[in-house]
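The values are calculated or read from the model by the stated rules, or taken from the named source; none is laboratory data. Since the model is a prediction, treat every value here as computed from it, not as a measurement. Cβ placement follows ideal geometry from the backbone for every residue including glycine, while neighbour counts extend to all protein chains displayed. Side chains included, ligands, DNA and RNA excluded: accessible areas come from the protein's heavy atoms. Shrake-Rupley method; radii C 1.70, N 1.55, O 1.52, S 1.80 Å.
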Amino acid sequence: MNKQKKDNTNIIQWAIPALLLVLFLIITLLNYSATMRNDAKEKVMSKLESQAESLCEYYEDTLTSLTNIAEITAEYCSISSDVFQTNNIALLSDIVKQTGVKKAYIQKLDNSAVDESGNTYVKISNKSEYLDILSDSSQVTKVIQDEDGENVLLVTAPIKNSSEILGKLILVYKPDKLEEVVSRPDYLLKNTYALVSDEGKVIECVGKETGLFSIGDNLFTKFEEVSFLDGSLKYLTQNISNQKSGEAKIRKNEEIEKYVVYAPVGEYHSSIVIFLNHDQVEKTISEECKSTRTLMYKIGSSFVVFILIILMINIVSRTKYINENRELQSKAETDLLTDLLNKVATEKKIKEYLQNEGKGKTSIMFVLDIDNFKKINDTMGHAFGDEVLRTLGKQIRAEFRVDDIIGRTGGDEFTILLKDLNDDATMKREAKRVEQFFKNFKVGEYTKYFATASIGAAIYPKDASDFESLYKASDQALYKAKKRGKNQLAFYSDAE
């Protein structure tokens with residue numbers, strides 16, 4: 001019955017937005033006229049976007065091919081005991097001849113290098129970009145200037161065998177094919193096409209002069225001199241830097257307005273930027289839209305209201321779902337008697353901590369058993385035994401930090417992980433506090449029962465480096481404490 005009510009509520013919640021959406025579409029279709037379809041802009045901008053995507057695909061394919069070549073070559077070079085051997089240098093020479101890259105290097109861990117001509121270097125260049133720490137994976141670096149002052153891309157791949165990195169392969173790629181690509185009939189040479197790095201450096205430029213920049217300039221700096229009629233300098237620079245596509249409309253002084261379309265070259269730290277003089281198209285758009293601006297405002301307002309309604313419904317539903325899910329998860333992880341974590345949740349949270357933010361940080365695991373608990377149950381009853389466990393859970397939770405992990409992992413067994421302990425003094429103090437806790441632990445409202453515990457402790461990562469080993473070490477320490485007469489704490493590292 002409750003499920004049916006819930007389903008009916010959900011249907012009503014989404015039926016109303018659906019009806020509003022249909023109503024919105026009907027109104028839009030009835031009022032949407034031919035004057036709103038600014039064909040001039042759409043056709044031109046669509047062509048520009050298609051050209052930008054085509055150029056991006058060209059460069060992306062080129063860089064992907066170079067990356068694959070670098071990886072295969074690096075794998076071949078790793079076979080040799082000396083990565084500078086003659087066969088490897090000959091292979092570099094073939095790559096330069098066949099792919100058109102400007103230079104090719106093999107670099108050792110000490111930064112010494114050899115190029116495709118067999119020239120050796122103590123280091124490739126004074127420029128730090130060449131001397132990046134060797135990576136485990138292939139990559140295309142950001143655009144840099146080489147020793148000739150030209151903007152280039154570095155395609156790198158690690159040379160490594162099964163056990164270690166021996167060096168890296170570096171291909172120096174200078175993009176210089178833009179004019180050749182845009183000379184095809186489907187490109188408009190009256191436009192300006194540029195290849196720009198994600199830092200704004202103009203690497204290549206071809207087409208009608210914009211009067212804004214030339215090869216080697218920083219496009220972001222040059223754009224500080226223009227006015228943005230659509231979009232903003234911040235938005236454009238952020239998009240190009242973050243490898244996103246977009247559009248803008250700019251004007252410098254009293255010059256003709258220009259549309260700017262840009263798109264990223266895959267994930268290769270560069271973008272294609274296209275400029276178009278678009279005064280006549282803008283005039284046509286303005287004439288066509290004059291009679292429909294009021295309608296657009298109304299549609300826009302309706303759409304905003306619709307979106308707000310959808311968002312409100314979604315937020316309410318989502319909040320309810322999150323709260324219900326959180327409550328269910330909490331119940332699934334909680335030991336009902338002590339209100340601590342249960343065994344499964346305790347193990348899961350300790351493993352997650354040791355594998356992530358706690359990795360390498362000093363922590364202590366305590367595993368404790370209540371002494372003579374069977375005797376408590378036999379002589380004082382199981383209800384009193386449960387009261388001992390319940391009271392212990394409540395008091396021990398209050399004794400430690402909120403982010404420490406405490407759980408009941410057996411009948412009368414409890415596990416505690418104290419996180420991120422800075423030094424030996426802190427560890428000793430915390431261990432003493434755990435031991436002292438049971439010197440004063442008592443249960444019972446009328447008849448006071450002083451319960452004691454045997455406690456085993458192990459230090460992470462000194463005694464063990466994973467949960468299973470750490471728990472086993474703590475359990476062995478617990479056995480030492482029991483063997484010594486109970487009611488005490490023993491460390492795994494203690495002598496027998």
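Ignoring ligands, DNA and RNA, how do S46, S80 rank by accessible area with a 1.4 Å probe, largest first? Don't skip to the answer; put the middle values down first.
Working: S46 65, S80 15 Å².
The ranking, largest first, comes out as S46, S80.
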Please give the net charge around S117, taking every other residue with its beta carbon less than 12 angstrom from that of S117, where Lys and Arg add +1 and Asp and Glu add -1. 0
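What shape does segment 393-496 take by its C-alpha gyration tensor, where a ≥ b ≥ c are the square roots of the eigenvalues and a/c under 1.5 counts as rounded, a/b above b/c as prolate, and the rest as oblate? Show your work: numbers first, answer last.
Details: a/c = 1.72, a/b = 1.38, b/c = 1.24.
Prolate is the answer for segment 393-496, as a/c is 1.5 or above and a/b outweighs b/c.
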With r defined as the distance between the Cβ atoms of L336 and I309 and R0 fixed at 51 Å, what FRET efficiency is calculated, to the nearest 0.05? 0.75
So what are the ³J(HN,Hα) numbers for segment 368-378, from phi and the Karplus equation (6.51, -1.76, 1.60; θ = phi - 60°), rounded to whole Hz, Gly and Pro as x? 10, 10, 6, 5, 6, 5, 4, 5, 4, 5, 6
Label model pair I256, K43: point-to-point distance (7 angstrom along the Cα→beta-carbon line) in nm is 1.8 nm
For every other residue with a beta carbon closer than 11 angstrom to the beta carbon of K419, add +1 if it is Lys or Arg and -1 if Asp or Glu, then tell me the sum. -2
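Kindly identify segment 63-105 as rounded, prolate or oblate by the Cα gyration tensor criterion: order the square roots of the eigenvalues as a ≥ b ≥ c, call it rounded if a/c is under 1.5, otherwise compare a/b with b/c, prolate if a/b is larger, else oblate. Before the final figure, lay out the partial values.
Values: a/c = 2.72, a/b = 1.44, b/c = 1.88.
Because a/c hits 1.5 or more and a/b fails to exceed b/c, segment 63-105 counts as oblate.
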State which entries of K349/K482; K349/K375; K375/K482; K439/K482 exceed 21 angstrom in Cα-Cα distance in the structure shown. K349/K482; K349/K375
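Find out how many positive minus negative residues lie around D404, taking Lys and Arg as positive, Asp and Glu as negative, among other residues whose Cβ is under 12 Å from that of D404.
Values: positive: K349, R397, R401, K419, R433; negative: E399, D403, D420, E430.
Around D404, the surrounding residues sum to +1.
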Modelled label-to-label distance, K439 and S81, 7 Å Cα→beta-carbon offset: nm? 6.6 nm
Whole-Hz ³J(HN,Hα) from phi, Karplus 6.51 cos²θ - 1.76 cosθ + 1.60, for segment 191-201, glycine and proline x: 7, 10, 10, 9, 9, 10, 6, 5, 9, x, 6
